[in-house]
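Throughout, read-outs are computed from the coordinates displayed, never taken from laboratory work. Values in this document were obtained by computation on a predicted structure and should not be read as measured data. Every residue, glycine among them, receives a Cβ derived from its backbone with ideal geometry; neighbour counts consider all protein chains shown.
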Amino acid sequence: MKTIAFYNLKGGVGKTATAVNLAWHAARWKHSTLLWDLDPQAATAFYLGVEGQKSYRAGNLVQGRQSLDRLRIRTQWPGLDVIPADQSLRNLDVKLVESGSPRQALRRLLGPLEKDYSLVMLDCPPTLSPVAESIFGAADYLVVPVIPTHLSIRALEQVREWLEHKKLGRITVLPFFNMVDRRRLLHVEMLVKPPKAMKGGLKTWIPYSTHVERMGEHRAPVGEYAPHTPAGRAFRALWFELAERIGL
Ligand SMILES: Nc1ncnc2c1ncn2[C@@H]1O[C@H](COP(=O)(O)OP(=O)(O)OP(=O)(O)O)[C@@H](O)[C@H]1O
Ligand SMILES: [Mg+2]
């Protein structure tokens with residue numbers, strides 16, 4: 001089982017959109033996939049058209065009084081399950097600190113699911129809190145959407161510094177550009193000559209596209225309703241590049 005966190009300290013950069021699209025591609029390519037929404041904004045299940053989630057208490061999960069397997073919901077796509085977010089995730093930071101071992105907590109919870117999935121994807125909230133530490137403790141890979149702007153690059157540098165500071169160098173960081181608008185000079189410059197922080201990242205980039213914005217209307221990944229558009233093709237290419245990089 002490989003665990004991929006869709007993470008950035010910066011909000012609104014496309015973590016959820018990317019997690020949903022790549023999870024859908026993974027399942028299509030017969031990798032049994034679980035997507036867990038760790039952000040109380042709760043967008044993931046909405047994008048996947050999932051209703052009827054089971055409410056849970058983040059504190060009970062962390063304390064081992066509730067197990068993850070009962071919270072899984074099948075989506076309409078074979079091989080793709082989701083754990084929707086719960087409002088109680090707002091307290092996850094506090095509960096993790098109380099547990100005394102935030103770094104181990106998520107990994108421990110995911111352990112029993114190893115037999116059922118080849119891929120676990122985590123849709124993460126934008127934070128560098130104990131929740132992030134817990135995510136980093138569980139993840140083998142961090143896929144980081146970056147908008148080609150200086151502030152976004154700075155956020156990526158901060159993530160890299162934090163990982164180094166916390167001695168989490170074993171995690172492979174895979175940044176890629178999202179929301180690329182080739183009419184903007186800065187975007188083009190960064191594509192042609194990526195800043196150092198993008199080193200080792202994925203080469204595929206996702207264009208700024210109304211088809212991505214419309215996921216909320218279709219409540220489905222772009223590949224379902226616009227596979228032959230630039231964004232649809234880009235997510236497909238991003239999936240293939242990621243699968244190759246992580247050895248699937
Ligand atoms: N390539 C894209 N082109 C156009 N719009 C996009 C693209 N990627 C994401 N968006 C839009 O940008 C907004 C933010 O995307 P998303 O929710 O995926 O970001 P996020 O990083 O998960 O945000 P948060 O930090 O709030 O969880 C959404 O409205 C989404 O539709
Ligand atoms: Mg999100």
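Taken as entire DSSP H runs, the helices of the chain that both span 18 Å or more between Cα atoms along their own long axis and average -1.0 or more on the Kyte-Doolittle scale are 15-28, 150-165, 230-245.
Adding -39500 (n - 2.57) for every DSSP H run of four residues or longer, then dividing by how many residues the chain holds, sets the calculated 222 nm ellipticity at -11000 deg cm²/dmol. For the stretch 187-235 and the stretch 91-118, compute the distance between their C-alpha centroids and round to whole Å. That distance is 30 Å. One decimal place: the segment residue 118-residue 181 gains 19.3 nm when fully extended, by the rule 0.36 nm per residue minus the C-alpha distance. For residue 180, the residues whose modelled amide H falls within less than 5 Å of its own, excluding neighbours fewer than 5 places apart on the same chain, are 206, 208. Across the chain, the mean sequence separation of Cα contacts (distance under 8 Å, 6 or more residues apart), normalised by length, yields a relative contact order of 26 percent.
Applying the criteria of a DSSP loop state and at most 15 other Cβ atoms within 10 Å to the trypsin sites (Lys or Arg not before Pro) of the stretch 80-138 yields 115. Legend: calculated FRET efficiency, residue 166 to residue 60, from the Cβ-Cβ distance at R0 = 30 Å, rounded to 0.05, equals 0.65. Under a 5 Å amide H cut-off, with hydrogens placed 1.01 Å from N, residue 174 pairs with 142, 143, 144 among residues at least 5 apart or on other chains. Taking a ≥ b ≥ c as the square roots of the eigenvalues of the alpha-carbon gyration tensor, the chain is classed oblate because a/c is 1.5 or more while a/b is no larger than b/c. Loop-resident chymotrypsin sites (Phe, Trp or Tyr not before Pro) (DSSP state other than H, G, I, E or B) in the stretch 136-217 with no more than 15 further Cβ atoms inside 10 Å of their Cβ are absent. Exposure here means at most 13 other Cβ atoms within 10 Å; with GluC sites (Glu not before Pro) in a DSSP loop as sites, the longest stretch of the chain lacking them is 115-248. When the charge dipole of the stretch 134-245 is built from unit charges on Cβ atoms (+1 for Lys and Arg, -1 for Asp and Glu) and taken about the Cα centre, the candidate among 227, 172, 143 whose Cα reaches farthest toward its positive end is 172.
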